[in-house]
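Structure provided below as structure tokens; questions to follow.
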Amino acid sequence: MNKIFLYTSVVLNGVLLMVLLGVVPFLLYLSIITNVGFLWFVKSLLEREQRYESEITDIVEKIEAFSDHLENVHALEMYYGDENLHSLMEHSAELVNEFIDFQAKFFDVDVEELEMEYYEQKEED
């Protein structure tokens, strides 16, 4: 309901400007309204991109935690040398690298920095 009042107000103010002051102020008014609309649209797109980037970063962190957990299980004496676990470890490492590449492709992320953090974390464990 509020949107209807807002749109009606914008249109009526535009018509009033055109009647009272002429076409040029009306075109200026129209330009200002259009620019405000575009600024709102760009702001919403940037917020959406930030949300996507944070969600993908969370997914990468969860996959890295899974990979570390898998390596810890593989290091246990009971499972040491198991080929299935070894292939799962390779697969999880490939998956982490795929997500890092995805982040580098679509977001402003330094791939070398992410890889260094990943391998430093692995060395600490």
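Between region 45-114 and region 14-38, how far is it from one alpha carbon centroid to the other, in angstrom?
52 Å
Take the Cα coordinates of the chain, assign each an equal point scatterer, and use the Debye formula without solvent to give log10 I(q)/I(0) at q = 0.13, 0.17 Å⁻¹.
Each listed q maps to, in turn, -0.69, -0.93.
If you keep only loop residues by DSSP, which chymotrypsin sites (Phe, Trp or Tyr not before Pro) in region 31-103 have at most 16 other Cβ atoms within 10 Å of their Cβ?
Those that pass, being in a loop and sparsely packed, are Y79, Y80.
For the chain, what does the relative contact order come out to in percent, with C-alpha contacts under 8 Å and a separation of six or more?
It comes to 17 percent, rounded to a whole number.
Moving on. Could you count how many Lys pairs in the chain have their Cα atoms under 26 Å apart, skipping same-chain pairs fewer than 8 positions apart?
Lysine pair count for the chain: 5.
So what's the back-of-envelope 222 nm ellipticity for the chain, counting only DSSP H runs of four-plus at -39500 (n - 2.57) apiece and dividing by all residues, rounded to 500?
Details: 4 runs with 111 residues, N = 125.
Dividing the helical sum by the residues of the chain leaves -32000 deg cm²/dmol.
Would you please name the GluC sites (Glu not before Pro) within region 1-107 that are DSSP coil residues with at most 16 other C-beta atoms within 10 Å of their C-beta?
E77
Only the coordinates and a few stated rules stand behind these numbers; no lab work does. Computed from a predicted model, the values in this text were never measured in an experiment. We place every Cβ from the backbone using ideal geometry, glycine too, and count neighbours over all the protein chains shown.
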